[in-house]
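S.K.: Here it is, the structure in full.
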Amino acid sequence: MTGPGSTPAGAPGAVPGGPAARHAIPSLSFEITGAEPERFAAVPTLRFGLRITRTGGGPVRSVSLATTVRIDVARRRHGEREQRSLTELFGLPEQWGTTLRPLVWTRITTVVPPFEDTTVAELTLPCTCDTELAVTKYLLAVRDGEVPLDFLFGGTVFFQAADGRLGTAQISWAEGAAYRLPAGLWHGLLDRYFGGSPWLRLSRETYDRLDTHRIRRVLGTWDETVAALLDRADGTVPASPGPSGTSRTP
């Protein structure tokens with residue numbers, strides 16, 4: 001990492017423990033220490049622990065940390081049921097050698113306060129049940145085992161330069177950390193907020209048509225309405241009650 005008003009680590013005079021070393025650009029390493037649900041969040045949120053260690057250079061004044069979280073789907077083996085569910089995302093399994101690509105989950109910005117040697121920060125990752133998103137489709141298909149995550153770090157580290165001014169240096173996007181998230185943690189979190197009912201986004205026109213169909217067929221819930229339409233599409237149409245309580249075929 002390089003920055004104005006700073007002495008590169010390892011440069012002449014930057015003797016470990018010497019005065020110049022106190023003003024050299026900090027070198028940082030990152031480790032994800034764990035994940036757990038955020039207990040009192042208004043929306044489903046996972047909280048990841050992040051340990052940052054200074055491996056060289058001088059003390060850190062602060063860090064403006066940008067984190068990209070990706071699912072590295074190629075690092076997980078998928079069973080037959082999962083393969084069928086993931087056809088929409090990646091095509092047929094025989095194509096996966098060329099179609100499996102990491103899925104970007106989210107990007108997070110975090111401000112890390114000053115530290116000398118090591119510190120612990122938190123990364124909060126909101127979760128959604130929006131089934132139109134590729135990440136949600138993937139996580140709904142993967143119900144057990146672990147989900148391989150990659151955390152890619154960038155941003156700016158601030159430190160005191162040799163001339164006393166505030167120095168800055170960019171964090172290389174090559175810095176990263178891997179973590180294997182238990183799939184059940186995500187599913188349990190979504191079930192706690194949504195009761196095992198994924199969201200389905202509809203246009204106003206489609207909603208009105210569906211509501212008219214529900215009323216005409218005297219169906220009590222949206223689940224019954226969609227199930228009846230699926231049964232009809234599959235050719236397994238049960239008799240449904242008419243307005244007077246008599247049975248009829250849709």
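Every read-out reported here was derived from the displayed coordinates using simple, explicitly stated rules and does not represent laboratory data. Not measured: the values here are computed from a predicted model. Using ideal geometry, Cβ is built from the backbone for each residue, glycine included, and neighbour counts are taken over all protein chains shown.
S.K.: Just to confirm a number: summing +1 for Lys and Arg and -1 for Asp and Glu over residues other than Trp105 whose beta-carbon lies under 10 angstrom from that of Trp105, what do you get?
M.R.: Counting the neighbours of Trp105, the net charge comes to +1.
S.K.: Taking every pair of distinct Cα atoms and averaging 1/r, then inverting, what Kirkwood hydrodynamic radius in Å comes out for region 35-111?
M.R.: One decimal place: 16.2 Å for the Kirkwood radius.
S.K.: How large is the direction-averaged shadow of the alpha-carbon convex hull of region 78-177, in nm²?
M.R.: 9.0
S.K.: Mind ordering 136-144, 124-132 by average Cβ neighbours within 10 Å, highest first?
M.R.: Peptide ranking by packing, descending: 136-144, 124-132.
S.K.: Take every Cα pair under 8 Å in region 20-194 that's 6+ residues apart, average their separations, divide by the length, and report that relative contact order as a whole percent.
M.R.: Worked out over region 20-194, it gives 30 percent.
S.K.: List the residues, sorted by chain then number, that are 5 or more residues from Ala162 or on another chain and whose placed amide H is less than 5 Å from its amide H.
M.R.: It is Thr7, by chain and number.
S.K.: For region 58-133, what relative contact order do you get, as a whole percent, if you take Cα pairs closer than 8 Å and at least 6 residues apart?
M.R.: Relative contact order, region 58-133: 48 percent.
S.K.: Thinking of region 20-194 as a set of Cα atoms, what percent of all their pairs are more than 27 Å apart?
M.R.: That tail contains 36 percent of the Cα-Cα pairs.
S.K.: Taking H placed 1.01 Å from N in the peptide plane, check which residues at least 5 places from Gly155 or on another chain put their amide H under 5 Å from its amide H.
M.R.: Distant-sequence amide H within range of Gly155: Ala66, Ile171.
S.K.: Turning to a different aspect of this structure: Using each residue's phi in region 143-156, evaluate 6.51 cos²θ - 1.76 cosθ + 1.60 at θ = phi - 60° and report the 3J(HN,Hα) Karplus result to the nearest Hz, with x for Gly and Pro.
M.R.: 9, 9, x, 10, 9, x, 10, 10, 10, 10, 10, x, x, 10
S.K.: Further question: What percentages, rounded to whole numbers, describe P(r) for region 90-237 computed over all alpha carbon pairs with 5 Å bin width beginning at zero?
M.R.: 2, 6, 10, 14, 13, 12, 11, 9, 7, 5, 4, 3, 2, 1, 1, 0, 0
S.K.: Same structure again: By the scheme Lys and Arg +1, Asp and Glu -1, what is the net charge of all other residues having a beta-carbon under 14 Å from that of Pro37?
M.R.: -1
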